[in-house]
1. Tell me, yes or no, whether region 57-80 has at least one residue that is within 28 Å of Lys351 (Cα to Cα), of a type outside the set (A, V, I, L, M, F, W, C), modelled with pLDDT under 95 and in contact with a Lys or Arg (Cβ under 8 Å, 6 or more places away or on another chain).
2. Residue check: is Ala84 in contact with a Leu (Cβ under 9 Å, 6 or more places away or on another chain), farther than 19 Å from Ala209 by Cβ and open to solvent by less than 10 Å² (accessible area, probe 1.4 Å)?
3. For region 53-76, enumerate the residues that are in a loop (DSSP other than H, G, I, E, B) and either touching a Leu at 6+ places or on another chain (Cβ under 7 Å) or under 18 Å from Lys227 (Cβ atoms) (or both).
4. Going through region 266-276 one residue at a time, which ones are open to solvent by less than 10 Å² (accessible area, probe 1.4 Å) and not in a helix (DSSP H, G or I)?
5. Within region 94-203, considering only helices (runs of 4 or more DSSP H) that don't extend past its boundaries, which have at least 2 residues that are of a type in the set (Ser, Thr, Tyr)?
6. Can you name every residue in region 332-351 that is open to solvent by less than 70 Å² (accessible area, probe 1.4 Å) and either assigned to a loop (DSSP other than H, G, I, E, B) or among the small types (Gly, Ala, Ser) (or both)?
7. Taking the condition of being among the charged types (D, E, K, R) and at pLDDT below 80, how many residues in region 7-42 meet it?
8. Quick check: is even one residue across region 191-213 over 20 Å from the mean Cα position of the chain (by Cα) and over 27 Å from His144 (Cβ atoms)?
Amino acid sequence: MDECSMELAFKDAETFDQLFGILQNDLTASLLNGETEDALKWFHKVNEYNVPHGKRNRGLTVMHSFRFLTDDKKTLDDGLRQAAVIGWCVEWLQAFFLVADDIMDASVTRRGQPCWYKVEGVGMKAINDAFYLESAIYALLKKHIRNQPYYVDVMELFHETTLQTITGQNLDLATAPTDRVDFSMYTMKRYKAIVKYKTAFYSFYLPVACAMYMVGIKNQEFHDAAKLILLKMGEFFQIQDDFLDCYGDPVVTGKIGTDIEDNKCSWLIVQALLLANKEQKAVLQENYGQHEADCVARVKEVYKALKLQELYANYEESSYKDVLNLIDAVNVALPKEMFYAYARKIYKRKK
């Protein structure tokens with residue numbers, strides 16, 4: 001990234017961060033009356049704890065994409081704030097998914113702090129809080145962009161993406177039941193379906209597609225071309241996540257990996273089942289999905305014997321090249337540098 005690009009990225013991040021408090025107040029003002037004051041105080045805590053403390057990559061990507069797609073300075077200046085609002089809506093969507101996902105997975109930490117439902121006094125109230133986080137998206141879109149020509153397209157995109165992500169979560173939960181370990185569905189085909197629907201659509205396609213609609217790009221051919229690249233990036237990103245869940249430093253990643261204990265259909269276990277001999281598969285069958293530390297250690301011993309870290313390193317290189325080749329092959333009028341920038345950002349990430 002050159003000096004000018006770094007300066008713009010810093011400026012966008014500053015604008016983005018300053019907007020959060022304003023949006024918080026918007027949500028409070030829309031429901032402020034004596035009857036709901038206690039609920040609004042609670043929802044303020046929900047927002048503050050769950051929305052602004054991630055890496056903010058998805059939200060900032062809306063702003064960055066809008067810059068890449070906009071040549072006219074006036075359009076850029078007028079639209080950046082709306083792009084930031086939509087970006088925060090993506091972050092609210094992310095918070096909704098994570099609060100719910102942590103309950104379903106019985107996770108312990110998220111972003112270096114206890115999961116919301118684990119906070120004292122929260123518990124299963126977090127289910128209703130997840131519903132609130134989703135509804136906040138549409139309150140903010142209505143207030144800030146309802147008079148824009150892209151309002152309906154963006155709103156429908158959020159609804160569509162939510163359904164896709166919920167579908168992916170269902171595939172994930174159905175593949176990894178909590179009461180037994182059944183490796184029959186731990187196939188690469190099922191794994192890729194989970195990743196595509198649970199992660200790739202909302203993490204990669206949604207932010208860019210929002211910016212495309214903002215600048216008037218509705219042509220399906222253009223969206224299909226972007227989607228092809230971005231869903232591949234999403235797959236790449238999730239496989240990185242799976243690797244970091246097992247081998248990442250919790251101090252850096254901000255969470256304690258529990259994929260083995262949670263019986264997750266992760267890239268590592270799918271690869272292990274493809275490579276393991278009969279004895280190794282028996283060890284995996286006996287120990288995967290168990291919460292005891294020695295069981296987790298035995299699974300990791302099999303991973304080590306199968307040299308999965310080396311396999312991942314080779315995959316990372318080949319997959320990155322595949323993404324670059326997809327970008328090179330784009331034959332519609334979308335800025336290739338936008339896609340190159342996003343690919344470089346996730347390549348060899350540590351968190």
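The values are calculated or read from the model by the stated rules, or taken from the named source; none is laboratory data. Predicted, not measured: the structure shown is a model, and the values here were computed from it. Glycine gets a Cβ as well: all are built from the backbone with ideal geometry, and neighbour counts include every protein chain shown. Heads up: the accessible areas ignore ligands, DNA and RNA and are worked out on the full protein's heavy atoms, side chains in. Shrake-Rupley method; radii C 1.70, N 1.55, O 1.52, S 1.80 Å.
1. Yes, because at least one residue in region 57-80 is within 28 Å of Lys351 (Cα to Cα), of a type outside the set (A, V, I, L, M, F, W, C), modelled with pLDDT under 95 and in contact with a Lys or Arg (Cβ under 8 Å, 6 or more places away or on another chain).
2. For Ala84, the condition - in contact with a Leu (Cβ under 9 Å, 6 or more places away or on another chain), farther than 19 Å from Ala209 by Cβ and open to solvent by less than 10 Å² (accessible area, probe 1.4 Å) - is not met.
3. Residue satisfying the conditions is Thr70 alone.
4. Listed by number, the list holds a single entry, Ser266.
5. Result: 125-145, 151-175.
6. Once the filter is applied, which keeps residues that are open to solvent by less than 70 Å² (accessible area, probe 1.4 Å) and either assigned to a loop (DSSP other than H, G, I, E, B) or among the small types (Gly, Ala, Ser) (or both), region 332-351 yields Val332, Leu334, Pro335, Ala341, Ala343, Tyr347, Arg349.
7. Total satisfying the criteria: 1.
8. Scanning region 191-213 turns up no residue that is over 20 Å from the mean Cα position of the chain (by Cα) and over 27 Å from His144 (Cβ atoms).
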